[in-house]
Ligand SMILES: Cc1cc2nc3c(=O)[nH]c(=O)nc-3n(C[C@H](O)[C@H](O)[C@H](O)COP(=O)(O)O)c2cc1C
C-alpha cells in the first residue's frame, strides 16, 4: 500500500475541505493517507511518503504561510532525497489563483515530479471541484503504489 501525504494550509476552511477531498480520493484508491497542515508537517513526513499533495489558499498571488513554512523547513533536510517523488497541487482562491505558480515553482526546486494537473478551486469546493480533487488524490495513490 502506497503512502500519500496531504499537506495544506487554510485560514477559513476552503483549503481544508479541498485537502479532505484529495485525501478521500487517495484513500478510496487504496493508499494509506496522512493529512497534516503545513505547521504540523515536517521533513520526515515528506521523506516517509511515496507521493505528496501540496495545498494552499491564494495569498496575494502566492502560497499561504503554512505551506511555505513547511516547504522552507523541509528543503535542506530532504535535499536530493525526494528527487522524482510524485506530487500534485491544489489551490483555493477568491478569483485569482496565481498562487498555484508558486507551489509548482517550489515543487520544482525540490525536484518533485508532477503527476497530475493542478486543481484550482474558487472558494469552497462544490461537487464538481470535489470530484477533481478526489481524482487528484486517486492519481497520487496510483503513483504512490508504482
Ligand atoms: C491574506 C489573504 C490574501 C488573499 N489574496 C488572494 C489573492 O491574491 N488572489 C485570490 O484569488 N484570492 C486571495 N485571497 C482569497 C483566498 O485565497 C480564498 O478565499 C481562499 O479560498 C481561502 O482559503 P481558506 O478558506 O482555506 O483560507 C486571499 C485571502 C487572504 C486571507
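A short reminder: the numbers here are calculations on the coordinates, not readings from a lab. None of these values were measured; they are calculated from a predicted model. Cβ: placed from backbone, ideal geometry, glycine included. Neighbour counts: every protein chain shown.
Kindly put 22, 35, 119 in sequence by how many other C-beta atoms sit within 10 Å of each C-beta, fewest to most.
Details: 22 32, 35 21, 119 26.
In increasing order of surrounding Cβ atoms, one gets 35, 119, 22.
Based on alpha-carbon centroids, what's the gap between the stretch 1-32 and the stretch 74-111 in Å, whole number please?
Distance between centres, Cα-based: 15 Å.
Pull up the DSSP beta bridges for the chain and report the antiparallel fraction as a percent, rounded to 5.
Details: 2 of 25 bridges.
The antiparallel proportion sits near 10 percent.
With springs connecting C-alpha atoms under 10 Å apart, model the chain as a Gaussian network and identify which of 78, 15, 92 has the largest mean-square fluctuation.
Ranking 78, 15, 92 by mean-square fluctuation puts 78 first.
From Cα pairs below 8 angstrom and at least 6 apart in sequence, can you work out the relative contact order of the chain, rounded to a whole percent?
On the way: 360 pairs, mean separation 49.2, N = 146.
Once divided by the residue count of the chain, the mean separation gives 34 percent.
If each residue of separation counts as 0.36 nm, what is the full-extension length gain between residue 76 and residue 127 once their alpha-carbon separation is subtracted?
Values: separation 51, 0.36 × 51 = 18.36 nm, distance 3.82 nm.
Taking 0.36 nm per residue and subtracting the Cα distance, the gain is 14.5 nm.
Using Cβ contacts closer than 10 Å as the measure, can you line up 75, 110 from fewest to most? Display every interim value, and only then the final one.
Working: 75 15, 110 21.
Result, fewest neighbours first: 75, 110.
Mean residue ellipticity at 222 nm from the helices of the chain, using -39,500 (n - 2.57) per DSSP H segment of n ≥ 4 over the full residue count, to the nearest 500 deg cm²/dmol?
Theoretical 222 nm ellipticity from helices: -14000 deg cm²/dmol.
Go from 0 up to the bin containing the longest alpha carbon distance in the chain, width 10 Å each, and give me the % of pairs per bin.
Taking every Cα pair in the chain, the percentages come to 14, 49, 33, 3.
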